[in-house]
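Rule-based calculations on the coordinates, nothing more; no lab input. Here the structure is a predicted model, which means the values were calculated and not measured. A quick note on method: Cβ atoms are made from the backbone with ideal geometry, for glycine too, and the neighbour counts reach across all protein chains shown.
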């Protein structure tokens, strides 16, 4: 298959939020252990510095702030990120966007804006219950959502093929 027809899937705030929640779950499934380990190591180091008599107030404050950042970041990912991502993307994508996929690139146009992204720029393709996620950077938070609603079978096959290519 050389090219796939252009499609216009429906986007909604709920779909975008569900896709972002899926992204967070997958990211934490992959990185959760190292994030928690980092939090524990930082907390132990901060506790050890206090136990050994650290008495410079600004260093104690900085250590406390760094110690709190990890758990706050994880809480942000669970609670606020999906909603913020959905709001940001809904301004650009809802109610529809025109998507075109080919063997060489992913193209999207919405509200007079067009972008063409070669598949080489997409690091991974993840499949969620409501959509495919095209991940641009890892461990960054940059991804696009291709809803499954109304996708023709050949487009799903192309995305599943890209999913398999990234898994190899």
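With contacts taken as Cα pairs under 8 Å and at least 6 residues apart, the chain reaches a relative contact order of 30 percent.
What does the C-alpha gyration tensor say about the overall shape of the chain? Classify as rounded when a/c is under 1.5, otherwise prolate if a/b is larger than b/c, or oblate. Cα axes put the chain in the prolate bin. Once the Cα atoms are used to define both axes, helix 81-93 deviates from the longest principal axis of the chain by about 30 degrees. For region 15-83, relative contact order (Cα pairs under 8 Å, six or more residues apart, normalised by length) works out to 61 percent.
As a length-normalised measure over Cα pairs under 8 Å and 6 or more apart, the relative contact order of region 91-167 settles at 20 percent.
Just checking the listed ones, 15, 50, 101: in the Gaussian network model of the chain with Cα springs under 10 Å, the one fluctuating most is 50. Between 47, 112, 150, the residue with the greatest mean-square fluctuation in the GNM of the chain (Cα pairs under 10 Å linked by springs) is 112. Applying D = kT/(6 pi eta Rh) to region 91-167, where Rh is the Kirkwood radius over alpha-carbon pairs, T corresponds to 4 °C and eta to 1.567 mPa s, the Stokes-Einstein value obtained is 101 µm²/s.
Compute and list, largest first, the equivalent-ellipsoid semi-axes of region 15-83 from the alpha carbon gyration tensor, each √(5λ) rounded to a whole angstrom. Intermediate values should be presented prior to the final figure.
Values: eigenvalues 202, 33, 5 Å².
Semi-axes from the Cα gyration tensor: 32, 13, 5 Å.
The sum of -39500 (n - 2.57) across all DSSP H runs of n ≥ 4, divided by the residue count of the chain, sets its helix-only mean residue ellipticity at 222 nm to -18500 deg cm²/dmol.
Result for the chain in a Gaussian network model with C-alpha springs under 10 Å: among 157, 124, 17, the largest mean-square fluctuation is at 157. Sorted ascending by nearby beta carbons within 10 Å, beginning with the fewest, 155, 120, 67, 37 become 120, 37, 67, 155.
For helix 13-51, what angle does its Cα long axis make with the longest principal axis of the chain, in degrees from 0 to 90 and rounded to 10? Value to nearest ten degrees: 20.
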